[in-house]
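The values are calculated or read from the model by the stated rules, or taken from the named source; none is laboratory data. Just so you know, these numbers come straight off a predicted model, no measurement behind them. Reconstructed Cβ throughout: ideal geometry from the backbone, glycine too, with neighbour counts over all protein chains shown. Surface accessibility is based on the protein's heavy atoms, side chains included, excluding ligands, DNA and RNA. Shrake-Rupley method; radii C 1.70, N 1.55, O 1.52, S 1.80 Å.
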Protein chains: 2
Amino acid sequence: MGKGRVTVIDIAKAAGVSKSTVSLVLQASPLVNEITRGKVNAVMRELGYVYNRGAANLRQANARSKIIGIVVNDLTNSFFAELAVGVDTVVQSAGFVQFLSNTSESIDRQREVIASMREHGVSGLIVSPARGTEAIDMKPLVAAGIPVVLVVRSVPGAKVSSLVSDNHAGTSAAVEHLTSLGHRRIAFVGGFPDTAVFDERLSGYREAMSQTKEGFKEELVISSAPSRAGGVEAIGQGMSMAEQPTAAVCFNDAVAFGVCDGLRARRIEPGRDFAVVGFDNVIEAKTAVPALTTISVDPQGIGQRAAQMLLKQINAGKPEAEQAVSAVRLIVRESCGAADNNPGRRLA
Amino acid sequence: MGKGRVTVIDIAKAAGVSKSTVSLVLQASPLVNEITRGKVNAVMRELGYVYNRGAANLRQANARSKIIGIVVNDLTNSFFAELAVGVDTVVQSAGFVQFLSNTSESIDRQREVIASMREHGVSGLIVSPARGTEAIDMKPLVAAGIPVVLVVRSVPGAKVSSLVSDNHAGTSAAVEHLTSLGHRRIAFVGGFPDTAVFDERLSGYREAMSQTKEGFKEELVISSAPSRAGGVEAIGQGMSMAEQPTAAVCFNDAVAFGVCDGLRARRIEPGRDFAVVGFDNVIEAKTAVPALTTISVDPQGIGQRAAQMLLKQINAGKPEAEQAVSAVRLIVRESCGAADNNPGRRLA
DNA sequence: GTTAATAATTGGAACGTTCCAATTCTGTCA
DNA sequence: TGACAGAATTGGAACGTTCCAATTATTAAC
């Protein structure tokens, strides 16, 4: 037992059949007699046989392995951990396993990781690309016919599938909610203008604003780093305008927390004197004070859906790129002033 | 280019050498002439060669693959996400990749996942076992000579390595801190008595208490589900005692939050009228109100260390089981009343 | 009892790599 | 020039599986 692994040939010998028959049993082929199947299975259990997928995989050059790769840009962000769980559930029930790797936003690391996954023969890839990923980075993958689903961030020009959350609808809903509370000067705060996600979120804001009496005003868009510090700085800028905003739709939750900090520094209480809406619904949003009104994006759902898209492509022969959008929803909490007794009235 | 993958033989043909030479280049062997090496590398780049680890792996039956598996019981818990990141950093720089799977505390799922990983030929496994895992579940792995490092939870009787955090020292430090603040009736709250982690945390509490003037009192140990709801229930029980406790060391942070909820429901303000200490330092601990005093366990560090232990075993021929303990530290925040101006005095 | 059809089984080749032993090439020295 | 050492290269066998075509066993039909 100790020396050498037990192979299909050992099983064949012990069960008194040929290796071909054992192979058929392994694949649950209907060609093999029930009683033979039983015997073979018994012997396999007895000898502690473990299937060698590497070898199998080598033979069937056409059909690919039962591995899918998932690479994320920041696993410490619980958003991506949830996403990975979503992927895992569907992928696992399809008999696949997942390779997971973290790039920490490094494009070099991302290249290495993807190369390594190819060497291991993944049949498909789910990628949340590191910042700065270009269409050309995806090129070798599509050339090799490996299905790819991009999540969260899309890469303009890449001929692969993508699944991003409905950023446009999210900020749009935020604006509508704020106007329904009586706000008219609503700022869009935070984020770097050169990313696709920023464009989409801004465009939702712009569209909703242009349907208000006030209309869209360029001056109310204040970009900054997409961080807490960025939020502080941006709101400082906003509140120094002649005609101050009374509400802010923020690029993400981190910015929104920064905005709250900045407001307090000016003796303005977020949720009471000023309405703040975030984006992402990070875990702290619920427990922060005031609890943050934000846009929730269901990372686990995205993971599941991305996995389904990927499996579909793997099963279809030719990978057919497909663009999808995942719904978002507004979570109303305290920071917009709507959750208290006298919603928004005094803010207008 | 489209049809069939490019193999070592294609490279050999194109470079005018034999496949053996190409193989040597692949392994960076010093036997091959510099200029040949250059040519071969150039051709590989040109034809877009990707190494087939499956095939390589098949041939070298002795040396194992460059894959390590990591299975966790709850990836949505950010603790484990951090742990996975820690593993990833060290494993990746050693040229390995990681399979990651989530068991959601299901022992069946865990069995499947481990089987699947074996089929893929992992060279080692890092496992945070699902509740109820027994030594026998690890048996086939040690029989096959596959190194395993158990993390977070140990499995009594399993002949594999383990790395757990120093639960004993953690609760012990918590008790000492509370007594230094003047507390004498300190309860131990939450957790199910049948787990190893519970035993360790309780024993740290017991030891520290028995060194106080009061001594250890069985009545002050109140177990419950290790959840927020469990905490609420347990503290209710605690506060209905004739002689009420003035402080609680909780099984984990979730319980601690529940204890705070339960106290407030009784008009007792945690951090001012009663001291609460958690365990784990989950991400919300910092932002909660009051900010939670707790024991921090550095999940990323545990991941790194576990990976190092595993690699050591993989590189050594024979896997030598080794038990290790990871240090913890007390993070003092507001919930124990020590962080305000008049620490603890009024509580005694 | 022969033939045809169907069910079940089988040996060998192939997948892409590495290893081994053997071979060829280069230069050096007597 | 021949012999020899060392450097560089090479052809085949092997790893554990699957696939194909071929074979054998079983049953049905006349």
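Starting from segment B:68-92, take each residue that is under 13 Å from A:SER101 (Cα atoms) and at the interface with chain A (Cβ under 9 Å from one of its Cβ atoms) and list its partners that are assigned to a helix (DSSP H, G or I) and open to solvent by 10 Å² or more (accessible area, probe 1.4 Å), counting only C-beta distances under 6 angstrom and pairs at least six apart or across chains. Pairs that qualify, where the first residue is under 13 Å from A:SER101 (Cα atoms) and at the interface with chain A (Cβ under 9 Å from one of its Cβ atoms) and the partner is assigned to a helix (DSSP H, G or I) and open to solvent by 10 Å² or more (accessible area, probe 1.4 Å), are B:GLU82/B:PRO299; B:GLU82/B:GLN300; B:VAL85/B:GLN300.
No other residue among A:VAL25, A:VAL72, A:VAL17 is in the same structural domain as A:GLU105 (by TED's automatic domain parsing) and more than 8 Å from DNA strand D (Cβ to nearest atom) apart from A:VAL72. Failed condition for A:SER224, given (1) open to solvent by 50 Å² or more (accessible area, probe 1.4 Å); (2) under 26 Å from the mean Cα position of the chain (by Cα), with all others met? Of everything listed in (1) open to solvent by 50 Å² or more (accessible area, probe 1.4 Å); (2) under 26 Å from the mean Cα position of the chain (by Cα), A:SER224 misses just condition (1). Being over 19 Å from B:GLY301 (Cα atoms) and either of a type in the set (D, E, K, R) or not in a helix (DSSP H, G or I) (or both): is that true of B:GLU105 here? Judged against the criteria, B:GLU105 is a match. Screening the candidates B:PRO290, B:PRO270 for the property of being in contact with a Cys (Cβ under 8 Å, 6 or more places away or on another chain), within 14 Å of chain A (Cβ to nearest Cβ) and either closer than 15 Å to B:ALA256 by Cα or not aliphatic (A, V, I, L, M) (or both) yields one hit, B:PRO290.
Residues that are closer than 24 Å to A:GLY54 by Cα, more than 18 Å from the chain's Cα centre (by Cα) and touching a residue at least 12 places away in the same chain (Cβ under 8 Å) within segment A:98-112 comprise just one, A:ARG111.
Quick one: in segment A:160-172, which of the residues that are outside any loop (DSSP other than H, G, I, E, B) and not polar (S, T, N, Q) is most open to solvent (accessible area, probe 1.4 Å)? So, considering only residues that are outside any loop (DSSP other than H, G, I, E, B) and not polar (S, T, N, Q), the one most open to solvent (accessible area, probe 1.4 Å) is A:HIS168. Scanning segment A:44-66 for residues that are at pLDDT 90 or above and away from DNA strand C (no atom under 13 Å from the Cβ) yields A:MET44, A:ARG45, A:GLU46, A:LEU47, A:GLY48, A:TYR49, A:VAL50, A:TYR51.
Going by the structure shown, is A:LEU100 within 7 Å of another protein chain (Cβ to nearest Cβ), of a type outside the set (S, T, N, Q), open to solvent by less than 40 Å² (accessible area, probe 1.4 Å) and within 17 Å of A:HIS120 (Cα to Cα)?
Numbers: within 7 Å of another protein chain (Cβ to nearest Cβ): yes; of a type outside the set (S, T, N, Q): yes; open to solvent by less than 40 Å² (accessible area, probe 1.4 Å): yes; within 17 Å of A:HIS120 (Cα to Cα): yes.
Against the criterion (within 7 Å of another protein chain (Cβ to nearest Cβ), of a type outside the set (S, T, N, Q), open to solvent by less than 40 Å² (accessible area, probe 1.4 Å) and within 17 Å of A:HIS120 (Cα to Cα)), A:LEU100 qualifies.
Out of B:VAL221, B:VAL282, B:VAL297, B:VAL276, I need the residue that is modelled with pLDDT of 95 or more and closer than 28 Å to A:LYS286 by Cα. Which one? Talk me through it step by step, then tell me what you get.
Working: B:VAL221 fails: closer than 28 Å to A:LYS286 by Cα; B:VAL282 fails: modelled with pLDDT of 95 or more; B:VAL297 fails: modelled with pLDDT of 95 or more.
On inspection, the qualifying residue turns out to be B:VAL276.
Restricting attention to segment A:110-159, the residues that are of a type outside the set (Gly, Ala, Ser), part of a loop (DSSP other than H, G, I, E, B) and away from every other protein chain (no Cβ under 13 Å) add up to 10. Check whether at least one residue in segment A:31-45 is open to solvent by 40 Å² or more (accessible area, probe 1.4 Å), within 16 Å of DNA strand D (Cβ to nearest atom), without any contact (Cβ under 8 Å) to a residue 60 or more places away in the chain and within 13 Å of another protein chain (Cβ to nearest Cβ), and report yes or no. For segment A:31-45, residues open to solvent by 40 Å² or more (accessible area, probe 1.4 Å), within 16 Å of DNA strand D (Cβ to nearest atom), without any contact (Cβ under 8 Å) to a residue 60 or more places away in the chain and within 13 Å of another protein chain (Cβ to nearest Cβ): present. Here B:ILE107 passes the criteria (1) within 16 Å of DNA strand D (Cβ to nearest atom); (2) closer than 29 Å to A:ARG5 by Cα; (3) open to solvent by 40 Å² or more (accessible area, probe 1.4 Å) except the one numbered (1). Looking across segment B:5-14, the residues that are more than 11 Å from DNA strand D (Cβ to nearest atom) and open to solvent by 60 Å² or more (accessible area, probe 1.4 Å) come down to B:ARG5, B:ALA14.
Okay, residues lined up against (1) open to solvent by less than 50 Å² (accessible area, probe 1.4 Å); (2) among the acidic types (Asp, Glu); (3) outside the structural domain of A:GLY337 (by TED's automatic domain parsing):
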{"position": "A:ILE126", "(1), (2), (3)": "yes, no, yes"}
{"position": "A:ARG131", "(1), (2), (3)": "no, no, yes"}
{"position": "A:ALA174", "(1), (2), (3)": "yes, no, no"}
{"position": "A:ILE186", "(1), (2), (3)": "yes, no, no"}
{"position": "A:ASP194", "(1), (2), (3)": "no, yes, no"}
{"position": "A:VAL197", "(1), (2), (3)": "yes, no, no"}
{"position": "A:SER210", "(1), (2), (3)": "no, no, no"}
{"position": "A:GLY215", "(1), (2), (3)": "yes, no, no"}
{"position": "A:LEU220", "(1), (2), (3)": "yes, no, no"}
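If a residue has to be surrounded by 17 or more Cβ atoms within 10 Å (Cβ to Cβ), without any contact (Cβ under 8 Å) to a residue 12 or more places away in the chain and of a type outside the set (A, V, I, L, M) to count, how many in segment B:46-67 make the cut? Of the residues in that region, 1 qualify. Residues that are open to solvent by 50 Å² or more (accessible area, probe 1.4 Å) and under 21 Å from B:GLY337 (Cα atoms) within segment B:229-248 comprise B:VAL232, B:GLU243, B:GLN244, listed in sequence order.
Residues that are more than 8 Å from DNA strand C (Cβ to nearest atom), more than 22 Å from A:VAL97 (Cβ to Cβ) and under 40 Å from the mean Cα position of the chain (by Cα) are absent from segment A:7-24.
Checked against (1) of a type outside the set (D, E, K, R); (2) in contact (Cβ under 8 Å) with a residue 24 or more places away in the chain; (3) farther than 25 Å from B:ALA316 by Cβ, B:VAL160 passes all but condition (3). Residues that are under 23 Å from A:GLU112 (Cα atoms) and touching a residue at least 40 places away in the same chain (Cβ under 8 Å): does segment B:129-149 have at least one? No: zero hits. Checking each residue in segment B:46-67 for being within 8 Å of chain A (Cβ to nearest Cβ), among the polar types (S, T, N, Q) and over 30 Å from A:GLU82 (Cα atoms) picks out B:ASN52, B:ASN57.
Scanning segment B:158-191 for residues that are of a type in the set (A, V, I, L, M) and farther than 25 Å from B:GLU320 by Cα returns B:ALA169, B:ALA173, B:ALA174, B:VAL175, B:LEU178, B:LEU181, B:ILE186, B:ALA187, B:VAL189.
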